[in-house]
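Trainee: Please read through the structure below; I'll follow up with questions.
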Amino acid sequence: MIRPDLARTPLACPIDGLALEVAEHGLACARKHNYNVSRHGYVNLLPVRLKPSKDPGDNRDMVEARRAVVDHGVFEPFAQALSAVVCASAQQVDKDLPLLVDAGCGEGYYTAALSSSLRSKASLQNFAVLGVDISKWAITAAAKRHLYAAWAVGNNKRLPVLKGAASIITSLFGFETWHPWADLQHAGQIVVTASAGPQHLIELRKLIYETVIVHEVPDNAEALAAGYRQTGDSRVEFSSQINDPAIVANILAMTPHGHRVGTDSRTSLDTSVVSELTMDIVIRLYQRT
């Protein structure tokens with residue numbers, strides 16, 4: 001049985017862009033491209049031709065590391081701040097058939113938080129929420145735990161929703177594909193991004209690198225070139241108390257810094273010396289012109 005949230009989401013066939021409708025065993029478009037809905041409640045809308053590798057995205061270990069970190073509450077203040085920004089933005093969009101697409105949603109922690117916040121507002125309860133990630137492991141974990149959202153395996157470069165349907169796209173610590181999103185969205189529709197600020201996880205970076213290079217937030221040139229204008233910019237800064245060295249190890253596993261540390265070096269790191277972590281996150285709002 002297809003979950004109601006998936007059935008009401010304006011999904012598009014990733015092959016021809018036609019609307020997907022509920023069919024006998026899942027979803028199908030008018031040209032008979034069929035997509036089965038898994039027993040966990042998600043739909044795989046990533047055809048082989050759109051897969052950059054055999055098993056793209058986060059693997060099972062990375063997903064489990066992320067789940068352990070978010071369950072520890074490390075990023076809860078950011079989730080609350082993000083939800084406030086998104087709910088305020090949601091008031092500005094067309095309310096007839098609103099949809100939030102969390103592009104690169106991972107194991108669904110932020111997607112679920114946004115869904116809960118939208119449902120808590122009387123004027124926003126009709127928002128549909130769709131989490132999309134290229135990792136089948138991430139989407140499986142999300143669909144198993146979070147029932148009040150729709151979930152799909154898909155590619156950010158071709159989000160599987162109908163043109164004009166994505167009122168809001170969120171991209172949280174991910175990789176924005178501005179030109180494909182500009183083709184998908186209509187004027188007035190919104191993209192919300194979250195990026196690491198200069199001091200983000202500075203304690204962890206000092207543990208790894210002899211010399212810590214402080215990077216500024218990426219510029220918005222590509223977004224502007226694709227037809228968006230920046231309408232907002234805010235910064236979320238806080239410290240998270242860490243009472244378990246295993247959580248630090250999991251944060252390392254789920255960030256790009258982990259890929260830059262060899263296995264021997266990683267196991268030799270003394271994660272017990274980190275008792276708190278600085279979170280420095282920049283939230284930006286963009287509107288399609």
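The values are calculated or read from the model by the stated rules, or taken from the named source; none is laboratory data. Bear in mind the structure is a predicted one, so any value in this text is a computation, not a measurement. Every residue, glycine as well, gets a Cβ built from its backbone with ideal geometry; the counts of neighbours run over all protein chains shown. Remember, those area values only see protein heavy atoms, side chains included, never the ligands or the DNA or RNA. Shrake-Rupley method; radii C 1.70, N 1.55, O 1.52, S 1.80 Å.
Trainee: Could you tell me which of the pairs LYS95/LYS121; LYS121/LYS157; LYS32/LYS54 are separated by over 22 angstrom between their Cα atoms in the structure shown?
Mentor: Over 22 Å Cα-Cα: LYS121/LYS157; LYS32/LYS54.
Trainee: Next question, about the same structure. Would you work out the Kirkwood radius for the stretch 106-167? I mean one over the mean of 1/r across all pairs of different Cα atoms, in Å.
Mentor: With all distinct Cα pairs of the stretch 106-167 included, I get 12.1 Å.
Trainee: I've got another one for you. Taking the dipole about the Cα centre of the chain, with the C-beta of Lys and Arg at +1 and of Asp and Glu at -1, give me whichever of ALA65, PHE238, MET279 is farthest to the positive side.
Mentor: So the residue furthest toward the plus end is ALA65.
Trainee: Normalised radius of gyration for the stretch 92-242, please: alpha carbon Rg relative to 2.2 N^0.38 Å, two decimal places.
Mentor: Ratio of Cα Rg to 2.2 N^0.38 Å: 1.12.
Trainee: While we're on this one: Nearest 5 percent is fine: what portion of the DSSP beta bridges confined to the chain is antiparallel?
Mentor: 60
Trainee: What percent antiparallel are the DSSP beta bridges of the stretch 63-218, to the nearest 5?
Mentor: Rounded to the nearest five, the antiparallel share is 5 percent.
Trainee: In Å², what does the accessible area per residue of the chain work out to with a 1.4 Å probe?
Mentor: That works out to 48 Å² per residue.
Trainee: Now, a different point. Report ³J(HN,Hα) in whole Hz for each residue of the stretch 126-138, in order, from the Karplus equation J = 6.51 cos²θ - 1.76 cosθ + 1.60 where θ = phi - 60°; Gly and Pro get x.
Mentor: Values per residue, Gly and Pro as x: 8, 5, 8, 10, 10, x, 10, 8, 7, 8, 5, 5, 5 Hz.
Trainee: Please report, to two decimal places, log10 I(q)/I(0) for the stretch 168-235 at q = 0.11 Å⁻¹ as given by the Debye formula with identical point scatterers on the Cα atoms and no solvent.
Mentor: Those come out to -0.35, one per q.
Trainee: For the chain, take the convex hull of the Cα atoms, compute a quarter of its surface area, and give me that in nm², please.
Mentor: Mean projected area of the Cα convex hull: 15.0 nm².
Trainee: When the accessible area of the chain is computed with all protein chains present and a 1.4 Å probe, what percentage of it is carbon and sulfur?
Mentor: 49
Trainee: Could you tell me the center-to-center distance, by alpha carbons, between the stretch 119-154 and the stretch 181-235 in angstrom?
Mentor: A separation of 23 Å, based on Cα centres.
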